[in-house]
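Report on one structure; see the data block that follows.
Nothing in this text is a laboratory measurement; each read-out follows from the coordinates by a stated rule. Model, not experiment: these values are computed from the prediction. Reconstructed Cβ throughout: ideal geometry from the backbone, glycine too, with neighbour counts over all protein chains shown.
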Amino acid sequence: MNFIFDSFKNSILLILSLDGEVYHAVWTSLYTSVTSITVATAIGVPFALALAVSDFPFKRLFIIFLNTLMALPTVVVGLALYGLLSRQGPGGSLGLLFTPSAMIIGQSILALPIVANYALGTIKGADSRIIPTALTLGASNSQAYILILSETRFGIMAAVIAGFGRVIAEVGVAMMLGGNIRGYTRTMTTAIALETSKGEFAFGLALGIILMAVALLINLFLNIVQQK
């Protein structure tokens with residue numbers, strides 16, 4: 001018990017002392033996660049809307065495939081992108097491997113199916129009369145689509161939060177594509193894994209506390225918005 005208590009006390013001291021290494025890992029995690037979920041939302045929500053309002057052959061099979069991608073292993077994404085971005089790969093000349101940009105690409109791929117699936121379920125669950133009624137009243141297709149997105153905004157927000165939760169807690173892609181470089185690509189999760197393996201339990205615990213605090217604040221924000 002003394003070990004746990006001392007580690008917890010030291011982790012709090014690290015947080016309160018504004019330790020540079022701790023907060024750089026926090027900043028890297030937030031920067032890559034927010035950027036990747038923004039990219040995933042910008043692609044996933046319009047894609048979900050188009051999928052919900054359109055009809056084409058094998059649509060059901062396509063949706064099943066999209067659902068399957070929600071369980072896409074992070075190491076598979078990391079492995080595929082590593083091959084593409086390595087020096088021997090087709091994208092090697094871009095010099096993206098072991099940079100925050102590579103991490104953002106990988107995390108965006110992980111978040112995209114989650115955002116798209118949840119948004120699709122929300123839009124399909126909305127009143128089916130919204131778009132026909134809007135079109136009957138003289139709205140354009142774009143205005144009707146904006147209206148249904150407005151009506152389902154809380155569900156879409158929940159989809160974004162779910163995608164953000166996936167990427168901010170991600171380890172595999174961040175480790176494989178970022179390289180866990182100190183002061184550059186080290187995130188909270190990769191730092192926790194590394195420092196704990198080195199016996200620096202207090203350092204990992206400090207980052208774990210901050211990670212949980214971020215998740216709590218995001219869910220509180222969502223709850224407040226829904227209540228208003």
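Taken along the Cα-to-beta-carbon direction at a fixed 7 Å, the label points for ILE224 and LEU137 span 3.2 nm.
Length gained on full extension, ARG129 to PHE65: 20.3 nm, using 0.36 nm per residue less the C-alpha separation. Rounded to the nearest 10 degrees, the angle from helix 100-124 to the longest Cα principal axis of the chain is 40 degrees. Placing dummy labels 7 Å off each Cα toward the beta-carbon, the span from PHE154 to THR196 is 3.5 nm. For LEU72, nonlocal amide neighbours, meaning residues 5 or more places apart or on other chains whose placed amide H falls under 5 Å from its own, do not occur.
Quick one: work out Rg over Rh on the C-alpha atoms of the chain, Rh as Kirkwood radius.
Value, to two decimals: 1.06.
Comparing PHE58, PHE47, PHE203 in a Gaussian network model of the chain, where Cα atoms under 10 Å apart are tied by springs, the biggest mean-square fluctuation is seen for PHE58.
Spin-label model, ILE12/SER93: points 7 Å from Cα along the beta carbon direction are separated by 5.6 nm.
Here r is the Cβ-Cβ distance between TYR23 and LEU216 and R0 is 22 Å; the resulting FRET efficiency, rounded to 0.05, is 0.75.
Relative intensity of segment 1-79 on a log10 scale, I(q)/I(0) at q = 0.26 Å⁻¹, equals -1.19, per a Debye sum over C-alpha point scatterers of equal strength in the absence of solvent.
Computed from Cα positions, the angle between helix 59-69 and the longest principal axis of the chain comes to roughly 10 degrees.
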